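Student: Below is one structure. I have some questions about it.
The values are calculated or read from the model by the stated rules, or taken from the named source; none is laboratory data. All of these numbers come straight from a predicted model, not from anything done at the bench. For neighbour counting, all protein chains shown are included, and Cβ atoms are generated from backbone atoms with ideal geometry for every residue, glycine included. These accessible areas exclude ligands, DNA and RNA; they are computed on the full protein's heavy atoms, side chains included. Shrake-Rupley method; radii C 1.70, N 1.55, O 1.52, S 1.80 Å.
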Amino acid sequence: MFGICNLAIVPVRSEPSDRSEIVTQLLFGEHIEILERQNQWARIKIQYDDYEGWVDSKQYQVISEAHYNQLSNDAIILNADLIDYISAPENLLLPIPLGASLSFLNNNEINTANFEFEGTKTSGIKSKSALINTAFMYLNAPYLWGGKTPFGIDCSGFTQMVYKLNGYKIHRDASQQALEGEPLSFIEESEAGDLAFFDNDEGNIIHVGIIMDNNYIIHASGKVRIDRLDHLGIYNPEINKHTHKLRVIKKII
């Protein structure tokens, strides 16, 4: 079975329970494969990044395999505003967040609710220099484990969405993203838009941020914020200490 998210933001959980942790989110218009059903729950795989988890079966619309494949091959079109809305003929207004997928709206066989969108869209690959401007749109968004929107986002959700809005696909989790791209030996070799990864005492990658010019970094820690970056890691001037230990810098694009 296959489906498409027809709500603004849907939690994807680690287990089939409302009490289970949120591991990521489905945004409006993202399409999925249903791997398993368990009572009211469905274990799904998100087509965009192959991420798996459990969603409430009432929170998506079933589509055919043919429509799933068609959406997988269509160009990605996304909402480019912090928040906008989808309208329907019966005067329904559905708010959608930055990065919601709009690719299916022109397909009347999938868009059975006759949703319409008149806001700002983005599609295609942008220049690397555009990444930082996109990152600023999330500035001060509160940290939320599993989040992918300006109303709550985690560190790797932040980097994935910034890249996605500029036409670049990277994986969902920081540990997965750290396996992509080309490693750089020094901060001085990096460019704005490269990714910096940070580990814990056990050597596990636990954090990621987007490098800016002049040894600054924008990342999600408590909120999406801008801090200093040096060879030791992230330095927070508000508390006068390093908060994250630098492991590797990667040039993804």
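Student: If you check ASN236, ASN215, which single one turns out to be farther than 16 Å from SER156 by Cα, open to solvent by 30 Å² or more (accessible area, probe 1.4 Å) and more than 17 Å from the chain's Cα centre (by Cα)?
Tutor: Working: ASN236 fails: open to solvent by 30 Å² or more (accessible area, probe 1.4 Å).
The unique qualifying residue is ASN215.
Student: If you go through region 154-172 one residue at a time, do you hit one that is open to solvent by 10 Å² or more (accessible area, probe 1.4 Å) and in contact with a Ser or Thr (Cβ under 6 Å, 6 or more places away or on another chain)?
Tutor: Yes, region 154-172 contains a residue that is open to solvent by 10 Å² or more (accessible area, probe 1.4 Å) and in contact with a Ser or Thr (Cβ under 6 Å, 6 or more places away or on another chain).
Student: Of all the residues that make up region 184-212, how many are more than 20 Å from ALA135 (Cα to Cα) and open to solvent by less than 80 Å² (accessible area, probe 1.4 Å)?
Tutor: The total comes to 5.
Student: For region 61-107, how many residues are modelled with pLDDT of 95 or more, in a loop (DSSP other than H, G, I, E, B) and not charged (D, E, K, R)?
Tutor: Final tally of qualifying residues: 9.
Student: Within region 141-159, track down each residue that is on the phi > 0 side of the Ramachandran plot and assigned to a strand (DSSP E or B). Walk me through how you get there before you give the answer.
Tutor: Looking only at region 141-159, we keep the residues that are on the phi > 0 side of the Ramachandran plot, and these are 146, 152.
GLY152, the sole residue that qualifies.
Student: Another question, if that's okay. Please tell me if TYR138 is open to solvent by 20 Å² or more (accessible area, probe 1.4 Å), of a type in the set (Phe, Trp, Tyr) and on the phi < 0 side of the Ramachandran plot.
Tutor: Criteria not met by TYR138.
Student: Now for a separate question. Can you find even one residue in region 158-168 that is closer than 24 Å to ILE22 by Cβ and without any contact (Cβ under 8 Å) to a residue 40 or more places away in the chain?
Tutor: No: zero hits.
Student: For ILE210, indicate whether it is assigned to a strand (DSSP E or B) and closer than 22 Å to ILE76 by Cβ.
Tutor: yes
Student: Determine which member of the set ASN79, ASN6, ASN106, ASN39 is of a type in the set (S, T, N, Q) and without any contact (Cβ under 8 Å) to a residue 12 or more places away in the chain. Walk me through how you get there before you give the answer.
Tutor: Values: ASN79 fails: without any contact (Cβ under 8 Å) to a residue 12 or more places away in the chain; ASN6 fails: without any contact (Cβ under 8 Å) to a residue 12 or more places away in the chain; ASN39 fails: without any contact (Cβ under 8 Å) to a residue 12 or more places away in the chain.
After ruling out the rest, the residue left standing is ASN106.
Student: A further question follows. Of the residues ILE77, ILE86, only one is in contact with a helix residue (DSSP H, G or I) (Cβ under 7 Å, 6 or more places away or on another chain), surrounded by 12 or more Cβ atoms within 10 Å (Cβ to Cβ) and among the β-branched types (Val, Ile, Thr); which?
Tutor: None of the other options fit; the residue is ILE77.
Student: Let me ask another. Could you tell me whether region 160-169 includes any residue that is of a type in the set (Lys, Arg) and either closer than 15 Å to VAL224 by Cβ or part of a strand (DSSP E or B) (or both)?
Tutor: Looking through region 160-169, none of the residues is of a type in the set (Lys, Arg) and either closer than 15 Å to VAL224 by Cβ or part of a strand (DSSP E or B) (or both).
Student: Do we find a residue being open to solvent by 40 Å² or more (accessible area, probe 1.4 Å), within 20 Å of the chain's Cα centre (by Cα) and touching a residue at least 12 places away in the same chain (Cβ under 8 Å) anywhere in region 58-65? Walk me through it before giving the result.
Tutor: Going through region 58-65, the residues open to solvent by 40 Å² or more (accessible area, probe 1.4 Å) turn out to be 58-59, 61-62, 64-65.
With the extra rule that they be within 20 Å of the chain's Cα centre (by Cα), the set shrinks to 59.
Next, only the ones that are touching a residue at least 12 places away in the same chain (Cβ under 8 Å) stay: 59.
Scanning region 58-65 turns up at least one residue that is open to solvent by 40 Å² or more (accessible area, probe 1.4 Å), within 20 Å of the chain's Cα centre (by Cα) and touching a residue at least 12 places away in the same chain (Cβ under 8 Å).
Student: Taking GLY99, is it open to solvent by less than 20 Å² (accessible area, probe 1.4 Å) and over 19 Å from LEU195 (Cα atoms)?
Tutor: Yes; evaluated as a whole, the condition is true for this residue.
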